[in-house]
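Each remark here refers to the structure printed beneath this line.
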Amino acid sequence: MSSDGVTIDDIHELEDLLIGLLDVLHKLVSVFEELSDLSSKDNNNAKDKQCGKLVLLYLELHNGKRFPKVLSPEVVRSVIQGIVGITFERNSNLIIKLSLNLHDISLKLLKKESLNNDEFEIGKDISMGLTKVMVWCDQKDMRDASKRQFDILLTKFTLATRYSILKHLYDKSDHSSLRGYLIDVTNNIFKKDAEETIPKSEIKRLSIHFLSFEQGENVLQESERLNASLNFIRFWMLRDPKRVNKTGIWDNLEEITNKCKHIRNGVEVSIGEYHKFLQGGMKNGGVELELTIPGMEVLGNLQPDEKRMMVQRACLTMEMMLSVIIRILEISDT
């Protein structure tokens, strides 16, 4: 035995550990190479198979409790994130589930606000993968897991980098529900940013950016984004009154009120159509009204009671939006 307590057996155990690690790492590299050789025209099943191998090999490393003993958490994290960045792009639920398990491991290795703008690219890619699962995966448990992981992942970045990731995700998305959620998360960053890491002038820019609504767009289909953007504006008009105007949001007053009035017109027309449908359309079969209700094209496949419930929900959504618009216009007149 040596003076520091390390025995020959300890050394042999470490050698065995390293040999086993190198063997699995060699397999990992081989699978990476095979995956990179697959062109976009190759069979998706082949890609899924390679992604699956990649994830399972890594889990073999981690479950054997060998990886953390030999390599630093930073190396473990970077390998996991590299694998997850590939596998989140696959359509296989099995691959996605394994990727979520892997990502959970990497999150535990990261400290809060330990990542800065140098990690933006990997953060952006993984966030894109997680939000795709949140929106499109047909398994609720995986959608919930991806949302939880996305929320945790954001806390691992500094506020400035977190904001950059959210901006990127918002601009790349055309999904109203996801955009509405991203607006709420972005607003929470501004609320918490006491040190003003992000210029408050961004609130002025975002008040118009979030509220964009073009002629011909469907109010109901965009309702979650519009509701979130209207609440964003209402909050900051109250938090930063006209006499202070630290954010500059009041400089956009004319444009904000014009957009609110434009959206209000669409909301009021929709509410009128929904009320007609509920009061008389159902008695007459509701076929003509059903086809003219914006965003209600799916009603044709539902039973009468289900149709009524869907229209009632849509009407409630529009009425909530209208109440926020009216409140914004009231605040703007004070």
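The values are calculated or read from the model by the stated rules, or taken from the named source; none is laboratory data. These numbers come from a predicted model, not from an experiment. Methodologically, a virtual Cβ is constructed for each residue, glycine included, from the backbone with ideal geometry; neighbour enumeration extends over all protein chains shown.
Overview of results
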quantity: Condition met for Leu329 (surrounded by fewer than 17 Cβ atoms within 10 Å (Cβ to Cβ) and modelled with pLDDT of 90 or more); calculated: yes
quantity: Total residues in region 212-258, condition of a type in the set (Lys, Arg), more than 20 Å from Ser173 (Cβ to Cβ) and surrounded by 13 or more Cβ atoms within 10 Å (Cβ to Cβ); calculated: 3
quantity: Selection count where residues are touching a helix residue (DSSP H, G or I) at 6+ places or on another chain (Cβ under 6 Å) and not polar (S, T, N, Q), scope region 263-275; calculated: 4
quantity: Residue among Ile152, Ile183, Ile189, Ile165 that alone is more than 24 Å from Leu100 (Cβ to Cβ) and at pLDDT 95 or above; calculated: Ile183
quantity: Count of residues meeting criterion [in contact (Cβ under 8 Å) with a residue 24 or more places away in the chain and surrounded by 17 or more Cβ atoms within 10 Å (Cβ to Cβ)] in region 304-323; calculated: 9
quantity: Near pairs, Cβ below 8 angstrom, 6+ apart or cross-chain, from region 194-216 (closer than 21 Å to His262 by Cα) to any residue that is among the acidic types (Asp, Glu) and surrounded by 17 or more Cβ atoms within 10 Å (Cβ to Cβ); calculated: Phe213/Glu222
quantity: Residues located in region 124-164, provided they are among the basic types (Lys, Arg) and within 13 Å of the chain's Cα centre (by Cα); calculated: Lys124, Lys132, Arg143, Lys147, Arg148, Arg162
quantity: Options Lys192, Lys200; residue that is surrounded by 14 or more Cβ atoms within 10 Å (Cβ to Cβ), among the basic types (Lys, Arg) and not assigned by TED's automatic domain parsing to the domain that holds Ile249; calculated: Lys200
quantity: Failed item in (1) under 21 Å from Lys204 (Cα atoms); (2) at pLDDT below 90, with Cys260 passing the rest; calculated: (2)
quantity: Every residue from region 171-189 that is touching a Phe, Trp or Tyr at 6+ places or on another chain (Cβ under 8 Å), crowded, with 18+ Cβ neighbours inside 10 Å and hydrophobic (A, V, I, L, M, F, W, C); calculated: Leu182, Ile183
